[in-house]
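Engineer: Take a look at the following structure, please.
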Amino acid sequence: MLKKLSVLIPVYNEKDTIKSCVESVLNADTMGMDIEIIISDNNSNDGTKEILNSLTDDRIKVLFRKENNGKGANIKNALQEAEGDLILFQDGDLEYSPKDYKTLLEPFFIYNADIVFGSRLTRAKATSIVGFPNYIANISITFLANFLFNKIFTDISTGYKVFKKNVIKSLKITSDGFEIEPEITAKISKNKNNRIFEVPITINSRSYEEGKKVKWWHFFTYVYSLVKWRIVD
């Protein structure tokens with residue numbers, strides 16, 4: 001029985017969106033599950049901390065890191081506190097809409113999924129149009145993952161990933177930066193028993209001027225990470 005959903009929100013300098021994000025998560029369709037929100041702040045310095053300190057809902061737990069070590073470190077910090085039967089990654093910038101939660105959660109109830117990825121690249125739902133280099137980088141990384149691990153993902157770099165607790169908690173995640181995405185993909189793909197599903201999601205991508213944090217060089221760290229975790233157990 002799936003009774004509780006843990007939503008992990010890694011945050012760094014998101015003062016303009018974090019409050020709206022939390023409100024949207026609390027109002028999302030969780031298919032009858034109770035919800036807990038675990039926010040890990042990566043030592044923000046723009047006023048985000050003050051906003052987080054003002055949150056009073058008892059379904060929210062806020063963790064403050066003393067150093068900014070990257071998204072992976074932030075997710076791992078939040079993951080330690082997660083108690084839900086399902087664990088969902090939610091970015092704090094609202095590029096990903098909590099209105100898609102029902103779509104993300106249904107495969108667990110209908111197909112007994114172990115993992116669900118929300119794909120931005122199926123175009124089955126509203127998709128903001130980004131620059132061509134970003135698109136090529138995403139499909140190239142995904143192609144490499146499919147080649148190395150014999151899968152048919154369409155979008156491994158998605159920020160929307162949902163896991164059964166035992167699946168994500170059993171992974172020994174080492175990455176502190178954005179490389180957490182390919183590391184997780186590699187490790188769940190190696191386990192032939194995992195039932196992995198993809199569903200389409202909406203995406204409202206923001207620009208670098210608006211605070212987007214993934215940079216061009218992360219393409220190469222993703223490639224390195226995928227190859228590394230193909231070789232290393």
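Nothing in this text is a laboratory measurement; each read-out follows from the coordinates by a stated rule. Only a predicted model underlies this, so the values are computations on that prediction, with no experimental measurement involved. With ideal geometry, Cβ positions are generated from the backbone for all residues, glycine too; neighbour counts draw on all protein chains shown.
Engineer: Could you grab me the full set of residues in the range 22-53 that are part of a helix (DSSP H, G or I) and either closer than 13 Å to Phe64 by Cα or in contact with a Phe, Trp or Tyr (Cβ under 9 Å, 6 or more places away or on another chain) (or both)?
Structural biologist: Passing the criteria: Val25, Thr48, Lys49, Glu50, Ile51, Leu52, Asn53.
Engineer: Could you grab me the full set of residues in the range 152-182 that are crowded, with 21+ Cβ neighbours inside 10 Å, of a type outside the set (Val, Ile, Thr) and outside any loop (DSSP other than H, G, I, E, B)?
Structural biologist: Lys161, Phe163, Lys164, Glu181, Pro182, listed by residue number.
Engineer: Looking at (1) surrounded by fewer than 20 Cβ atoms within 10 Å (Cβ to Cβ); (2) closer than 15 Å to Lys76 by Cα, which is the only condition Asn191 fails?
Structural biologist: Checking Asn191 against (1) surrounded by fewer than 20 Cβ atoms within 10 Å (Cβ to Cβ); (2) closer than 15 Å to Lys76 by Cα, the one that fails is (2).
Engineer: Just to be sure I understand, how many residues within the range 57-84 are polar (S, T, N, Q) and part of a helix (DSSP H, G or I)?
Structural biologist: Result for the range 57-84: 2.
Engineer: Looking at (1) out of contact with any strand residue (DSSP E or B) (no Cβ under 7 Å at 6 or more places or on another chain); (2) closer than 21 Å to Phe117 by Cβ; (3) among the acidic types (Asp, Glu), find the lone condition where Asp58 falls short.
Structural biologist: Against the list (1) out of contact with any strand residue (DSSP E or B) (no Cβ under 7 Å at 6 or more places or on another chain); (2) closer than 21 Å to Phe117 by Cβ; (3) among the acidic types (Asp, Glu), Asp58 comes up short only on (2).
Engineer: Does the range 85-98 contain any residue that is outside any loop (DSSP other than H, G, I, E, B), more than 23 Å from Pro10 (Cα to Cα) and among the aliphatic types (A, V, I, L, M)?
Structural biologist: Checked against the condition, which is being outside any loop (DSSP other than H, G, I, E, B), more than 23 Å from Pro10 (Cα to Cα) and among the aliphatic types (A, V, I, L, M), the range 85-98 yields no hits at all.
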